1. List the extent of the Cα atoms of the protein assembly as shown along each of their three principal axes, largest first, rounded to whole Å.
2. What nm distance separates the two modelled labels at B:H48 and B:S185, each placed 7 Å from Cα along Cα→Cβ?
3. May I ask you to evaluate 6.51 cos²θ - 1.76 cosθ + 1.60, the Karplus curve with θ = phi - 60°, for each residue of region B:11-18 and list the ³J(HN,Hα) values in order in whole Hz, giving x for glycine and proline?
4. Which whole-Hz couplings ³J(HN,Hα) result when phi for each residue of region A:228-240 is put into the Karplus expression 6.51 cos²θ - 1.76 cosθ + 1.60, θ = phi - 60°, listed in order with x for Gly and Pro?
5. Using a 10 angstrom cutoff on alpha carbons, build the Gaussian network for chain B and name the most mobile of B:L272, B:L145, B:L69.
6. What residues have an amide H closer than 5 Å to that of A:L34, excluding those fewer than 5 places away on the same chain, when H is modeled at 1.01 Å from N in the peptide plane?
7. Which far-off residues, 5 or more places away or on another chain, put their amide H under 5 Å from the one on A:V19, with H placed in the peptide plane?
8. Measure out, as a whole number of angstrom, how far apart the alpha-carbon centroids of region B:86-115 and region A:34-113 sit.
Amino acid sequence: MSLLQARTLAIGYPGRTLVRRLDLTVDPGQVWALLGNNGSGKSTLLHTLAGLRAPLEGGVELDGRALPSFSAPARARRLGLLLQEDVSGFWGTVRDYVLLGRYPHRRSLWGWSEADFASADAAIAVVDLGGRAQRALGALSGGERQRARLAMLFAQAPVLLLLDEPLQHLDLRHQRELLARLRAWAGERGRAVLMSLHDPRAARRVCDRALLLFDDGSWQAGEAHALLDDACLERLYGCPLDEASASGQGASGRHV
Amino acid sequence: MSQRPAVLALLLAAAALLSTLLALGIGSHPLSPGDLWAAITGEPGLAHDIVMQVRRPRAAAALACGALLSLAGVLLQVLLRNPLADPYVLGISGGAALGVLLAMLAGVAAWMQPFTGFAGAFAAAVTVFALGYRAGDWNLYRLLLTGVVLAAGCGAVLSLVLVLAPGAAIKGMLFWLMGDLSGVSVSWPAWAVALLLGAGATALGGALNVLALGRQQAAVLGVPVAIAETLVYAAAALATVSAVVLGGTIGFVGLIVPHLIRLLGVSDLRWLVPLSMLAGAAFLCLADTLARSLFAPLQLPVGVFTALLGVPVMLLLLGRRP
């Protein structure tokens, strides 16, 4: 059975439709890249698929069930979303922050179980923040905060990960580690990833499926190697790709 | 690290007990610890009457009021995600003040004033909620702005009332506006509200922690945000109304006490709620004792002392660590 399914979905705001009649099926094991220009509806689509906002038309199914029929905690155990919100206002430590990801799994009203602590600490190690666990979240750099947000999501341990620009603020090494981690993560236990990216090379490297959102509200979905070719991307971004990026084997990683 | 909240809880409980004993022992008829103990344990006499009939109700009111204002402050700082939120930011106190001062102006009996104050506060809370929760969706900026605008409107009418009031009534009105616990005789409703809301908010502290992350993040983590925010608003409004009806608009407690606990290293709401309530109770009880005894027989409004005590403590803590 497919993990997530969108049928004739229209998203946007009243009076402004961003994406029309979208049909999307995410199956276990898949890693999807979501590409499009600024304002093309990537975040809005992710929020809609996560159930944070209602679609203008159509519906979303998770595990073959309509998304609104899930209780909030049950949905949170199946589906996680990385937001782009700023988290610097949080008062506690990195570990306090990541532990909150265990909220949908909590067994008692007030405390955390040993299993919660264990999965939070494991998630912190995964994003390479082990040495920062007891630091105040607000004292971390932007990239470290981004990793803390990813750690919270890993602690939440959903089956479907929706990620809104997971690579933002990350240095090159952590970008690569994260992509490799997501690829491996999706290969286990019926999981899947759908993430918005701005770097077609990163998408080529780890994604097997791609969804392109065009500025006119149309879209294209399918195999990544077929969709992520130069002609398609130039039509998507409305600008010529330079050689390093277009050939997919840029040596330095400086060109985009 | 992990015992810090528990240690703080013990220290604050001791502080609350000490400030209660001070409130019972200090006054125009000072009592030694031995006399105080005899009076409390029921030895009949003048000391017993003073302690049990004059000082005890006032101390009880101060404790409840301090706890309620701190609770309202914590809850509104979570709801509005604004560290400057205090119990009065949503205009509830303005409504209560209007209810009480209009009653004073009209010469309504004193025992009626808490009820008119409650009516005014309730009307304000419902107005702000109805305007802020339009179309089934919270807009926190609209909520905040509605509260601020309503408070400003109430402030204007209050100024008008003060100008129109006869000279003899003005002092009572000013005392009420600055916060005054001298006339309180019944405080058990406030205690009941404080204990109930405090227990509820503490039990749901885990959900409050998630809610404080922001509404989208809270929704991602499985908190039913609209219901949770409505409950938080209602609890904060009820706590504010109960406190204001009891002691007038005592400033500073609800804003500063939660920050004081945070600066002492506790930001987890499962602890921040009960610790703030304890600290607020101890703090207001002490401030009230000072307000009525420092310049005796002159009695000062307690609101003056919450600021006089709170400002240096806060500045000290702020300067202590980056």
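1. Rounded to whole Å, the extents work out to 94, 48, 40 Å.
2. Computed distance between label sites B:H48 and B:S185 equals 2.1 nm.
3. 4, 5, 5, 5, 5, 5, 5, 4
4. 8, 9, 4, 4, 4, 5, 5, 5, 5, 8, x, 8, x
5. Ranking B:L272, B:L145, B:L69 by mean-square fluctuation puts B:L145 first.
6. A:M195, A:S196, A:L197, A:L211
7. The list, which skips near neighbours in sequence, is A:I11.
8. 43 Å
Every number here is computed from the coordinates shown, using simple stated rules; none is lab data. As the structure is a prediction and not an experimental result, all values here were calculated from the model. Here the Cβ is made from the backbone with ideal geometry for all residues, glycine too, and neighbour counts use every protein chain on show.
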